[in-house]
Amino acid sequence: MLTEEDRLLWEQQGLLHLPGFFPGAELQHWTDELALWPETPGRWMKYFEDIQGARELCRVENFLHYHGGWKSVIEHPVMSGVLETLFGEPRVLFKEKINFKLPGGSGFGAHQDAPAFATFGQQFHITAMVSIDATTRANGCLEVAYGRHREGLLGMTESQVLTEDVVNDLEWVPLETSPGDLVLFGSYLPHRSGPNTSSSARRAAYLTFNPRRAGSCREKYYEDKRRVFPPEVERVPGRDYSDSGLYNIGNPIQE
């Protein structure tokens, strides 16, 4: 399913872009449905950000067992085959989320994913970014530092974003995509994204997987996240949730 050129790009760049992998119109319809779901304790997890004084949807997580369309994407057999080729073994889902980045929405700070996942005793993950809308420079598309995944963990601040010196040392390349594109990248690839300065949303799903031999940690992940950094509808009034640990690295989500 992958060419030798694909494999070489993966090894050299740490990222693989497969255009037109999914039907964009279906992804947009399914995401519209998720956005309308009410905030419901104990089920899907909705997070918000402040955009010009308004509380706007920033992210939806933990929807695998509640939406058949998105479940078919997450378990897509061809994508699964590609992932298993890159891992060299079977894969399991670690977590799933959709970042909405509505007009005026903030960007995501420069970071690597690996530190947030090490808590669960795992060493390497691959994230499948599924482009729901077109992503452009104007609406805050993904920016990556190709090839720098081979250097392990780079210098980070206490909040686990890359230091200013590291950010300035990296060459950041915008990666524009069309609805339905699939972008695969490993957990050591530095990446970031800018704010959405356009008049339309930049929605993208981020589906993260790990090798099966490293264990299945999805339930443990969401159980712990609900405890440390739950969605607003599940929070205890008066409790301080600003110490979000590894669950809000580089994100604009309201604490």
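The values are calculated or read from the model by the stated rules, or taken from the named source; none is laboratory data. Keep in mind that what you see is a predicted model, and the values were worked out from it rather than measured. Cβ atoms come from the backbone with ideal geometry, glycine included; neighbour counts cover every protein chain shown. In case anyone asks, the SASA skips ligands and DNA or RNA and just uses the protein heavy atoms, side chains included. Shrake-Rupley method; radii C 1.70, N 1.55, O 1.52, S 1.80 Å.
Going through the stretch 233-249 one residue at a time, which ones are open to solvent by 60 Å² or more (accessible area, probe 1.4 Å) and of a type in the set (D, E, K, R)?
239, 240, 243 - these are the residues of the stretch 233-249 that are open to solvent by 60 Å² or more (accessible area, probe 1.4 Å) and of a type in the set (D, E, K, R).
Considering the stretch 130-148 alone, what residues qualify as being among the β-branched types (Val, Ile, Thr) and touching an Asp or Glu at 6+ places or on another chain (Cβ under 7 Å)?
Those that are among the β-branched types (Val, Ile, Thr) and touching an Asp or Glu at 6+ places or on another chain (Cβ under 7 Å): 135, 136.
Yes or no: the stretch 203-217 includes at least one residue that is more than 23 Å from residue 80 (Cβ to Cβ) and at pLDDT 95 or above.
Taking every residue of the stretch 203-217 in turn, none turns out to be more than 23 Å from residue 80 (Cβ to Cβ) and at pLDDT 95 or above.
Search the stretch 142-170 for residues that are closer than 19 Å to residue 206 by Cβ and among the aromatic types (Phe, Trp, Tyr) and pair each with any residue that is open to solvent by less than 60 Å² (accessible area, probe 1.4 Å) and part of a loop (DSSP other than H, G, I, E, B) when their beta-carbon atoms are under 7 Å apart and the residues are at least 6 apart or on different chains.
146/14
What are the pairs with Cβ atoms under 7 angstrom where one residue, in the stretch 194-220, is in contact (Cβ under 8 Å) with a residue 12 or more places away in the chain and the other, located anywhere, is open to solvent by less than 60 Å² (accessible area, probe 1.4 Å) and in a helix (DSSP H, G or I)? Sequence gap at least six, or different chains.
Matching pairs, first to second residue: 203/31; 207/74; 209/83; 211/87; 217/120; 220/120.
When the residues of the stretch 162-210 are filtered to those that are part of a loop (DSSP other than H, G, I, E, B) and basic (Lys, Arg), which remaining residue is surrounded by the most Cβ atoms within 10 Å (Cβ to Cβ)?
The selected residue is 202.
Within the stretch 81-121, restricting attention to residues that are among the polar types (S, T, N, Q) and part of a helix (DSSP H, G or I), which residue is modelled with the highest pLDDT?
In this case the residue turns out to be 85.
Starting from residues that are of a type in the set (A, V, I, L, M) and under 17 Å from residue 59 (Cα atoms), keep the ones in the stretch 236-255 and report whichever is nearest to the chain's Cα centre (by Cα).
Among them, the one singled out is 249.
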